[in-house]
Structure formats: C-alpha cells, structure tokens
Amino acid sequence: MTYEEIKRLLKTSIGSRFLGRKEVKELPSILWEDEIPKNLVGGNGILVVTDKRLIFINKGIFSLKVKYFLHEEVSYIEEIPRITTGEIVVYAGEEKAKIKRVDRTVLRMFLTRLESKD
C-alpha cells in the first residue's frame, strides 16, 4: 500500500489531520501486505488502527519506534484524561503501550469509534 492510498483511505478518519506527519509516511513500510488502516490518532507519535492490529509509531530524528498488538491480544484500553489532552494506554497481557498528548475531543471520538469496531 502506498502513502497516497493510505491518505485516501484515512481522509475521513477522526485523525485525518495527522496524515502529513512523518509517522504516517512510514506506514507503507510498516503495514503487512494485506493490512488495511482504518483510523489513526496523533499525540506524541501516532496510534493506527488497522483491520488486524493496533500500531504505535513514533519517529524521531534518528529513530523509528514501532510497537503493535494484534486485536485478539488486546485485553484492555485505558483512557487517561488530562486538562486539555489525554492518553491512551493499550494493555496486552504483560505488555503495554501509551500515546500521550492526544486532544481530548479527538481522544473520546477515537475511543468511541474503536469500541464500535468502525
């Protein structure tokens, strides 16, 4: 899947304003061959929901950090609200991953859509 195809798929997602971020540009090399991105949210990095997994991506100047969980591995998703932003923590057994500084309005919409499997 190319970057342009990813942008077309996600242009109506809640996190569409994050499509220009450097992490999204890494998606073509991170996605599996038959994997389809469904939604994304940005903060300190991005969290991408695909039809197969949740992918946390954080690209620094000299590094690329990627962590993912298959949907069936996820045991719990926690929302931690702050004053103007919030956090999403995903738990899978003993593992966990967190994305911080997510706009609170976007955070709630993203989690609602995630719960409904859209």
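Please work out if ILE6 is in contact with a helix residue (DSSP H, G or I) (Cβ under 7 Å, 6 or more places away or on another chain), within 17 Å of THR105 (Cα to Cα) and hydrophobic (A, V, I, L, M, F, W, C).
Numbers: in contact with a helix residue (DSSP H, G or I) (Cβ under 7 Å, 6 or more places away or on another chain): yes; within 17 Å of THR105 (Cα to Cα): no; hydrophobic (A, V, I, L, M, F, W, C): yes.
Taking the combined requirement at face value, the residue does not satisfy it.
Could you grab the pairs with beta carbons closer than 8 Å, sequence gap of 6+ or different chains, first residue in the stretch 67-84 and over 23 Å from SER29 (Cα atoms) and free of Cβ contacts under 8 Å to residues at least 60 places away in the same chain, second one among the small types (Gly, Ala, Ser) and outside any strand (DSSP E or B)?
As it stands, the answer is SER75/GLY93, since those pairs meet every condition given.
Considering only residues that are of a type in the set (Phe, Trp, Tyr) and touching a strand residue (DSSP E or B) at 6+ places or on another chain (Cβ under 7 Å), which ones fall in the stretch 58-102?
Correct list: TYR68, PHE69, TYR76, TYR91.
In the stretch 79-118, which residues are hydroxyl-bearing (Ser, Thr, Tyr) and over 20 Å from ARG17 (Cα atoms)? Reasoning before the result, please.
Going through the stretch 79-118, the residues hydroxyl-bearing (Ser, Thr, Tyr) turn out to be 84-85, 91, 105, 112, 116.
The answer is TYR91, SER116.
Is it true that THR84 is surrounded by 13 or more Cβ atoms within 10 Å (Cβ to Cβ) and polar (S, T, N, Q)?
The answer is no for THR84.
What is the number of the single condition among (1) touching a helix residue (DSSP H, G or I) at 6+ places or on another chain (Cβ under 7 Å); (2) surrounded by 13 or more Cβ atoms within 10 Å (Cβ to Cβ) that GLY43 does not meet?
GLY43 satisfies all of (1) touching a helix residue (DSSP H, G or I) at 6+ places or on another chain (Cβ under 7 Å); (2) surrounded by 13 or more Cβ atoms within 10 Å (Cβ to Cβ) except (1).
How many residues are buried (at least 16 other Cβ atoms within 10 Å of the Cβ), without any contact (Cβ under 8 Å) to a residue 40 or more places away in the chain and not β-branched (Val, Ile, Thr) if we restrict to the stretch 10-25?
Taking the stretch 10-25 first, the residues buried (at least 16 other Cβ atoms within 10 Å of the Cβ) are 10, 13-15, 18-19, 21, 23-24.
Among the residues that remain, those that are also without any contact (Cβ under 8 Å) to a residue 40 or more places away in the chain are: 10, 13, 18-19, 21, 23-24.
Adding the requirement that they be not β-branched (Val, Ile, Thr) leaves 10, 13, 18-19, 21, 23.
Matching residues across the stretch 10-25 total 6.
Laboratory data are not the source of any read-out in this text; all were calculated from the coordinates shown. Because the structure is predicted, anything quoted here is derived from the model rather than measured. Quick reminder, even Gly has a Cβ in these numbers, built from the backbone with ideal geometry, and neighbours come from all protein chains shown.
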